[in-house]
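The values are calculated or read from the model by the stated rules, or taken from the named source; none is laboratory data. Note that the structure is a prediction, hence the values are computed from the model and not measured. Cβ atoms come from the backbone with ideal geometry, glycine included; neighbour counts cover every protein chain shown.
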């Protein structure tokens, strides 16, 4: 398995930037401890326990998606925007301007940093 320190996402819908420029790509760095702590705090203990079940065979992509649905509050969504922004060097306000069509590619890029949770394969807890 190839180790990646960054992941680049080309936006289908560029984000307007200062001075009339556009942001057409976001480059995400691999999340480190601070970002993981922030993500875990946003998710809360019940979601973390469900996602990272003691029985790794019970951790599935559907379970991850179900638990992420718990992030749908204004405060938590602002936290998610800030976290995504931290990982690509952009303020949360810029992340809030991302077109919904671009989110699947962003979440895939971030998920690819954690192949054991998000994709089937050797060493993966997904069934």
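Side notes on the structure shown:
- Residue match in region 66-82 (condition: in contact with a helix residue (DSSP H, G or I) (Cβ under 6 Å, 6 or more places away or on another chain), at pLDDT 90 or above, under 13 Å from residue 15 (Cβ atoms) and assigned to a loop (DSSP other than H, G, I, E, B)): no
- Test: residue in region 28-36 that is modelled with pLDDT of 65 or more, part of a strand (DSSP E or B) and crowded, with 16+ Cβ neighbours inside 10 Å: yes
- Taken over region 83-127, the criterion of being modelled with pLDDT of 90 or more, touching a helix residue (DSSP H, G or I) at 6+ places or on another chain (Cβ under 9 Å) and closer than 13 Å to residue 31 by Cα is satisfied by 83, 84, 85, 86, 87, 88.
- Lone qualifier among 47, 7 - being modelled with pLDDT under 85 and either touching a helix residue (DSSP H, G or I) at 6+ places or on another chain (Cβ under 6 Å) or under 14 Å from residue 106 (Cα atoms) (or both): 47
- Once region 5-20 is narrowed to residues that are touching a residue at least 12 places away in the same chain (Cβ under 8 Å) and either at positive phi or part of a loop (DSSP other than H, G, I, E, B) (or both), the residue that is surrounded by the most Cβ atoms within 10 Å (Cβ to Cβ) is 17.
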